[in-house]
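Enquirer: Input: one structure, supplied below.
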Amino acid sequence: MLSHISLLLLLLLPLAFGQTVCNGNAALCDRSYGNVTFLGAHDSFAFSEDALALAADQQVNITAQLDLGVRFLQAQSHLNDGVIHFCHTSCALFDGGTVLAYLQTLMAWLEANPNEIVTCLFTNPEGLSIPDVWQPVFEQSGISAVAYTPPQNPMPADAWPTLASMLSAGTRVVIFLDAGADGTDGAAVPYILPEFTMIWEPPFDSTNASFPCSVNRISGSPADHLYLLNHFLDIDILGILISDPGQAPTTNSVASIVADAQGCVPLSQRNANPTYVLLDFVNLGDGMAAVNQLNGL
Ligand SMILES: *[C@@H]1O[C@H](CO)[C@@H](O)[C@H](O)[C@H]1NC(C)=O
Ligand SMILES: *[C@@H]1O[C@H](CO)[C@@H](O)[C@H](O)[C@H]1NC(C)=O
Ligand SMILES: *[C@@H]1O[C@H](CO)[C@@H](O)[C@H](O)[C@H]1NC(C)=O
């Protein structure tokens, strides 16, 4: 009798927790967020199908990137006529539209895809105010209502909850900012997390296709940090570094991504694969296959 009840409970358990698939796979549900590798889009807003758009680092839009499996969105902010936009270097060079419109697109996708956790890493090169400029767009877009706030800040890499528990709690957007999120400008917002106390990274804008690994940007030690693999290859044209769609199928191959990841594992001090694999031109090559392999799927 008891065993029948236990069996029933066992069967009902996944229903009670509501999560049988997490980020597309049942095997990821019980994994800590810090023990999963996510596919990332560098300059996710800077997409253009125009081969002559040299400031574009992507060829497909945000929704298409998400549909391809991207779960880590990187973007660079700039103020344009008093409104926060995502722009590449400057809004005159490449204007990806308002941050609000971008977040609304993300929110619409999240509503249509309830079992997915997405991480945003936005840069704040102009030091725009967290409470006055950033918080309002997260609130207006609805993203703040599904944002994850860790119980401690910085949150150690091995202390993150499982994907299933984040999804059950409805807190499935993780937001990092490179500057200002540590509360230096007055009021910290609990769900806007500082990048460098929680994430380390090897150099970005590499021009070496073997991606030599070193600890580049960090505050603290890699031992308790998530890590971001900057796996996008630039070419140097008269001192100006630009992305190159011609090399992307090779750069974004399983062999190149896995070799880069393996080269960085010893430096992680956690014997861990990268948390995020950041690519240009995510529609080219096999980024998702590489991430699945790193996740042991
Ligand atoms: C997750 O844990 C497994 C087993 O310890 C490890 O091989 C893998 O590298 C880890 N992945 C990440 C992203 O931490
Ligand atoms: C995004 O790209 C997809 C696939 O190319 C397309 O179907 C969709 O209309 C685009 N969305 C917008 C808002 O342009
Ligand atoms: C590229 O990186 C590899 C591996 O670290 C290194 O051996 C090689 O010297 C680098 N090439 C250049 C041109 O820096």
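Enquirer: With θ set to phi - 60° and the Karplus curve 6.51 cos²θ - 1.76 cosθ + 1.60, what are the ³J(HN,Hα) couplings of the stretch 55-61 in order, to the nearest whole Hz, using x for Gly and Pro?
Expert: Each residue's phi maps through the Karplus curve to give 7, 8, 10, 9, 10, 10, 6 Hz.
Enquirer: Determine ³J(HN,Hα), in whole Hz, for all residues of the stretch 276-283 in sequence, where each value follows from phi through the Karplus function 6.51 cos²θ - 1.76 cosθ + 1.60 and θ = phi - 60°; x replaces Gly and Pro.
Expert: Calculated HN-Hα couplings, in order: 10, 10, 9, 10, 7, 6, 4, 7 Hz.
Enquirer: Next question, about the same structure. Taking the Cα centre of the stretch 116-238 as the origin, how large is its charge dipole in debye, to the nearest 20, when only Lys and Arg (+1) and Asp and Glu (-1) carry charge on their Cβ atoms?
Expert: 340 debye
Enquirer: Just want the answer: with Cβ charges of +1 for Lys and Arg and -1 for Asp and Glu, which residue in L167, C213, F281 is farthest toward the dipole's positive end in the stretch 167-297?
Expert: Value: L167.
Enquirer: Residue-wise, which Karplus ³J(HN,Hα) couplings in Hz belong to the stretch 98-112, taking 6.51 cos²θ - 1.76 cosθ + 1.60, θ = phi - 60°, and x for glycine or proline?
Expert: Listing the rounded values in order: 6, 5, 4, 4, 4, 5, 5, 4, 4, 4, 4, 5, 4, 5, 7 Hz.
Enquirer: Further question: Can you list residues whose amide H is under 5 Å from G96's amide H, if they're 5+ apart or on another chain and H is modeled 1.01 Å from N?
Expert: Excluding prolines and chain starts, which carry no amide H, the hits are F86, C87, H88.
Enquirer: At a Förster radius of 30 Å, what calculated FRET efficiency corresponds to the Cβ-Cβ distance of E139 and L52, to the nearest 0.05?
Expert: 0.20
Enquirer: While we're looking at this one, here's another question. When the dipole is taken about the Cα centre of the chain, and only Lys, Arg (+1) and Asp, Glu (-1) are charged at their Cβ, what size is it in debye, to the nearest 20?
Expert: 1020 debye
Enquirer: Defining a contact as two alpha carbons under 8 Å apart and six or more residues distant in sequence, what relative contact order in percent does the stretch 148-264 show?
Expert: 21 percent
Enquirer: List the cysteines in the chain whose Cβ has no other cysteine Cβ under 4.7 Å from it.
Expert: Cysteines of the chain left without a disulfide-compatible partner: C120.
Enquirer: Averaged over every viewing direction, what's the projected area of the C-alpha convex hull for the stretch 141-253? Give it in nm², one decimal, please.
Expert: 9.9 nm²
Enquirer: Then there is this: Would you mind calculating the relative contact order of the chain from Cα pairs under 8 angstrom and at least 6 residues apart, reporting the percent as a whole number?
Expert: Once divided by the residue count of the chain, the mean separation gives 20 percent.
Enquirer: Specify the residue with the greatest mean-square fluctuation among Q65, Q76, Q104, computed from a Gaussian network of the chain linking alpha-carbon atoms under 10 Å apart.
Expert: Q104
Throughout, read-outs are computed from the coordinates displayed, never taken from laboratory work. Just so we're clear, the structure is a prediction, and the values are computed from it rather than from any experiment. For neighbour counting, all protein chains shown are included, and Cβ atoms are generated from backbone atoms with ideal geometry for every residue, glycine included.
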